[in-house]
């Protein structure tokens, strides 16, 4: 029986049933049980069939960490002008905020200039002039909600569905669900700028899934993956000689244990590692890109160089079959001086993101790549310290573009002030269900039996954001 | 009925159906009506003395195992050869390979109890506790930092790790081990070890920056409840926090009844560890220092007094009215919520220390303060060492706050109030408990500890006996060691499990006695050789027709490499160590303080610092579990990053240099002997002819490559020991050979 069949979805949905029986199992059952228990069958990254025809092959998630203000970027709130300098009307209540008592502070209108763009006429503020040129590709979801009040829990939830660490991240679920499309590269890659990510590796953790599904944080300099390079004191030829000896010893050992498939898997893991050594550096070698392309991503300007590099890298990775790339950006936690903070981070991300969309489109890749923009939450309509905004998980914006997404539309609304989602609220679980759906995975069927529960990426929730689908 | 329906119901779509069919009548007062398939589930039945199968074999374990094999027409495997056996036993009990001398002694020991002696020797060594503690630490979700954003270090968490190691090494009875971890502070308040044991319920991840304190508290309580239910009872209590368990007879109210045992707990991060006498000595010393420095300190205080009060007031006044109130009350008068407020805010204010405050003094005062600091330092020789402290939990009084069933586990949505209690199915009434004599504690956890280890509890002994079996064989008699419920797997050998559970109790809950029992069976000592006929009947080897071979765990791989490299630092216990991170790895938040001395870094993996958000990369890649929840069964994956770590990391290359040094030290320039020595150290055996020829050929070609590299001025990797007169390229080829031994399948697989 093949590895591929052993981990097919059909097998998986029957797994719990089969794992209960104690005798007379068919081959399918056995392999499925083995795969679940991680004790025998073993290529955790073997490609697997999706549940339905996928609309996107890969995801590039532009993660604006710290929480960008929706009411200063994609969700205009003219009513704030009307209430400027007053506290929120009593009817809004006073939500418990991250910084104690800020809900009693006065409302602060956006200082941005707003305009409608494209054929769709979607509103975008002047903080995102380049992205604004692509609005007809964006599905701007203005009614997102999340559960956490502080960064670490909320970044964690946007990645794993839970504000408490320990669950698998979306990239891990996708890797578990689909396997790898290019064994020479990691399937799930994280790219970071110079700002430390809250909660660090918890956000790309495999949680209770096997460790093979966790994300790989690419190093910014040198070889992108830990231990990728052959040490200087060994060199390529000497290394090949060693690997040949290793393969010979392992094959000889295998002859004494011809039925232990795990020994083969380990033999192959060394060959794979050797191939990765060749391919991963090629994938991150931006010297192969034209100056025009680099310019498109803003690599020529100091403030956009790093994020532009990361997004260009992201494109090269998905081009090579990497399924899930997250490129973190910022810094957006503007409790004070939001003008200064967001001017900076919008500036850092605007041209690179627009460049990414343009580049994907010109290469015919946008149709099969889901691009996501957003943070872990938005920001409040009331001020903090006079010129900043507090955290807002009750209503905020993310947008999606590309593979399977119907662009040029705004979905859902927040209330007049931008405090809470009003029409068609969508929780983080709904965002996750939609991402999985676009990749060909049904969030109710993608399960993993853990401590007696069939766990899924969307925990106890999740509904598709139907309106976003093309 | 349950066998047919239960499993299908695990599909999410069927949940609604289950809710109407299989669950007990919801958690309302009165007698819940558990359906028959729940009441008759095997794990809830009393542990019964099984009939011993008729068999010629002397060992009861073998009698039970053979009975099942015979039933399926499968023969057990022959006994494993001696080298395999001693390697198996040493990896199993020590997590290390045997030394060549140990192998030789066993191979040459003709006495009938030769293997039993090996087992006894291994159990008597402190290496045993270091190995088996790691299993328990997986269950205890042990980590030495808070998690969440800042992942701050818990500086004394390691004492719990040492407690587990020492408990295992001293063969502490398991009932006592459980009681100490649940209620050591109530039961043995004067025994520092018993109080450190309460650290078991202190290993939760905790958000020091939480905005909503009642939520933070509730999350901690959920974690404790989930973990206790899972580790000691082998039940998935956590499924019942939002609703009655969909499959098992665990009511939602049972979840909160279990939680109610813990509603009064508080952190206890300053458990004093000195004996009475040490304490008196220390106090005497402290008073000497205080006397000698009284004048200096009073001058320093005078300079800072106003600043301190200011800083405190400023800090307090920036906070909410309720926090301000909490700060102005005496510790004894704070409500539970005020305690939480105080704890969190005090913790945040700690960085306002004297040294920092002194910086804000006027120049003259600042200078004077610095002078006084220097004067004070001259008396440091009189100052006693910092008080050693441990961390665990305790209670702050006999009155516990009310516990409510929570709607969807939401702290802000309380439903009916519950009293501490056990599984309603087994014991429906509220638990009987009395406040601890010293008036500091509710006594609730004492009651729980008693129930868990009581003679009538059907789960505790079975669950632990199964865990021990699981760690010996890589698979339990119940293959879901923390799920004995209806969704868990059924025991393959239910009578054997009951017999083991009874033996466990009869032995006085001796874990070491269980190891002896299991390891001295033929079942444990049989070969791992594959047989097609047996595999056709039982492909998963559930009936144990052979010993199950499997990859070693990451800690065992690292420790074994250090050991054969001759570099393993056997120092026992103490604060954890931070071995160097792979080149280019990012610095974990919370810190990673690598000691300068390589020897200090080369300690056993159980002593490697466990930062919750950043496990040590090599161990993580080899499936060391996430520490955010209890792990009963590790994954054992095979991946390319593992290969890269063993192939290219400076660590493994260093260990290869060490092993090459040992080889050359013993064999000198004699290549045949080099090969024999390498195989002896790494595999505990001699190479066969093919292997010898292959390595000899490798030496030839590899030396050629290395010579060219040397001629080109490229760097070479040389062994720790370079015999006089040996060329560098010859020695470097031995390092390469040693490195590939460490990477080979034979090295990292146990059989």
Here the residues within region A:226-272 that are at the interface with chain B (Cβ under 7 Å from one of its Cβ atoms) and in contact (Cβ under 8 Å) with a residue 24 or more places away in the chain are A:228, A:229, A:230, A:246, A:262, A:265, A:270, A:272
Could you identify the single residue in A:381, A:281, A:352 that is within 22 Å of the chain's Cα centre (by Cα) and either touching a residue at least 12 places away in the same chain (Cβ under 8 Å) or surrounded by fewer than 19 Cβ atoms within 10 Å (Cβ to Cβ) (or both)?
A:352
Limited to region A:77-109, what total is found for residues that are away from chain B (no Cβ under 14 Å) and either surrounded by fewer than 20 Cβ atoms within 10 Å (Cβ to Cβ) or part of a helix (DSSP H, G or I) (or both)?
17
Going through B:65, B:47 one at a time, which residue ends up being more than 24 Å from residue B:532 (Cα to Cα) and modelled with pLDDT of 95 or more?
B:47
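So which of B:205, B:197 is assigned to a loop (DSSP other than H, G, I, E, B) and either in contact with a strand residue (DSSP E or B) (Cβ under 6 Å, 6 or more places away or on another chain) or buried (at least 20 other Cβ atoms within 10 Å of the Cβ) (or both)? First the steps, then the outcome.
Details: B:197 fails: assigned to a loop (DSSP other than H, G, I, E, B).
From the options B:205, B:197, the qualifying one is B:205.
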Taking helices (runs of 4 or more DSSP H) that fall entirely within region A:260-356, which contain at least 1 residues that are closer than 24 Å to residue B:621 by Cα and not assigned by TED's automatic domain parsing to the domain that holds residue A:190?
A:261-283
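Considering each of B:668, B:658 in turn, give the residue that is at positive phi and touching a helix residue (DSSP H, G or I) at 6+ places or on another chain (Cβ under 9 Å). Spell out how you get there, then give the answer.
On the way: B:658 fails: at positive phi.
Testing whether each residue is at positive phi and touching a helix residue (DSSP H, G or I) at 6+ places or on another chain (Cβ under 9 Å) leaves just B:668.
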Every residue from region B:584-621 that is under 25 Å from residue A:229 (Cα atoms) and at the interface with another protein chain (Cβ under 8 Å from one of its Cβ atoms)
B:584, B:585, B:586, B:588, B:614, B:617, B:620, B:621
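So that you can scan it fast, the table gives a plain yes or no per residue for (1) more than 28 Å from the chain's Cα centre (by Cα); (2) buried (at least 22 other Cβ atoms within 10 Å of the Cβ); (3) outside the structural domain of residue B:546 (by TED's automatic domain parsing); (4) in a helix (DSSP H, G or I):
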site	(1), (2), (3), (4)
B:64	yes, yes, no, yes
B:75	yes, no, no, no
B:85	no, yes, no, yes
B:98	no, yes, no, no
B:105	yes, no, no, yes
B:112	yes, no, no, no
B:120	no, no, no, yes
List the number of the failed condition for residue A:202; all other conditions in (1) within 30 Å of residue B:205 (Cα to Cα); (2) at the interface with chain B (Cβ under 8 Å from one of its Cβ atoms); (3) touching a residue at least 24 places away in the same chain (Cβ under 8 Å); (4) assigned to a loop (DSSP other than H, G, I, E, B) hold.
(4)
On the given criteria, is residue A:257 closer than 30 Å to residue A:384 by Cβ and more than 21 Å from the chain's Cα centre (by Cα)?
no
Among the helices (runs of 4 or more DSSP H) lying completely within region B:685-751, list those that include at least 2 residues that are surrounded by fewer than 18 Cβ atoms within 10 Å (Cβ to Cβ), free of Cβ contacts under 8 Å to residues at least 12 places away in the same chain and more than 7 Å from chain A (Cβ to nearest Cβ).
B:689-711
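Name the residue that is nearest to residue B:511 (Cα to Cα), counting only residues in region B:156-180 that are touching a strand residue (DSSP E or B) at 6+ places or on another chain (Cβ under 9 Å) and either in a helix (DSSP H, G or I) or without any contact (Cβ under 8 Å) to a residue 24 or more places away in the chain (or both). If you could, list the steps in order and put the result at the bottom.
As a first pass, look at region B:156-180 and keep what is touching a strand residue (DSSP E or B) at 6+ places or on another chain (Cβ under 9 Å): B:156-157, B:159-160, B:163.
Restricting the remaining residues to those that are either in a helix (DSSP H, G or I) or without any contact (Cβ under 8 Å) to a residue 24 or more places away in the chain (or both) gives B:159-160, B:163.
Details: B:159: 21, B:160: 19, B:163: 15 Å.
Of everything passing the filter in region B:156-180, B:163 is nearest to residue B:511 (Cα to Cα).
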Give the residues of region B:622-649 that are more than 8 Å from chain A (Cβ to nearest Cβ) and more than 23 Å from residue B:143 (Cα to Cα), sorted by residue number.
B:646
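From the list B:558, B:546, exactly one residue is buried (at least 21 other Cβ atoms within 10 Å of the Cβ), in contact (Cβ under 8 Å) with a residue 24 or more places away in the chain and in contact with a strand residue (DSSP E or B) (Cβ under 7 Å, 6 or more places away or on another chain). Which is it?
B:546
Listed here are the residues, each with its yes/no results for (1) under 24 Å from residue B:120 (Cβ atoms); (2) more than 12 Å from chain A (Cβ to nearest Cβ).
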site: B:435; (1), (2): no, yes
site: B:459; (1), (2): no, yes
site: B:468; (1), (2): yes, yes
site: B:507; (1), (2): yes, yes
site: B:518; (1), (2): yes, yes
site: B:524; (1), (2): yes, yes
site: B:531; (1), (2): no, no
Filter region A:206-224 down to the residues that are more than 7 Å from chain B (Cβ to nearest Cβ), in contact with a helix residue (DSSP H, G or I) (Cβ under 8 Å, 6 or more places away or on another chain) and assigned to a loop (DSSP other than H, G, I, E, B) and list them by number.
A:206, A:209, A:214, A:215, A:218, A:223, A:224
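Residues in region B:499-517: is at least one at positive phi, at pLDDT 95 or above, out of contact with any helix residue (DSSP H, G or I) (no Cβ under 6 Å at 6 or more places or on another chain) and outside the structural domain of residue B:177 (by TED's automatic domain parsing)? Outline the logic, then answer.
Restricting attention to region B:499-517, the residues satisfying the condition of being at positive phi are B:508-509.
Those still in the list that are at pLDDT 95 or above too: B:508-509.
Retained after the next criterion (residues that are out of contact with any helix residue (DSSP H, G or I) (no Cβ under 6 Å at 6 or more places or on another chain)): B:508.
Subset that is outside the structural domain of residue B:177 (by TED's automatic domain parsing): B:508.
Checking region B:499-517: at least one residue is at positive phi, at pLDDT 95 or above, out of contact with any helix residue (DSSP H, G or I) (no Cβ under 6 Å at 6 or more places or on another chain) and outside the structural domain of residue B:177 (by TED's automatic domain parsing).
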Breaking point among (1) touching a helix residue (DSSP H, G or I) at 6+ places or on another chain (Cβ under 7 Å); (2) in a loop (DSSP other than H, G, I, E, B), for residue A:124
(2)
Index of the failed condition, residue B:656 passing every other in (1) facing chain A (nearest Cβ under 7 Å); (2) within 29 Å of the chain's Cα centre (by Cα); (3) part of a helix (DSSP H, G or I):
(1)
Can you name the condition, by its number, that residue B:489 falls short on among (1) at pLDDT 95 or above; (2) within 14 Å of chain A (Cβ to nearest Cβ); (3) more than 19 Å from the chain's Cα centre (by Cα)?
(1)
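The values are calculated or read from the model by the stated rules, or taken from the named source; none is laboratory data. Please read these numbers as outputs of a predicted model, since none were measured by experiment. Methodologically, a virtual Cβ is constructed for each residue, glycine included, from the backbone with ideal geometry; neighbour enumeration extends over all protein chains shown.
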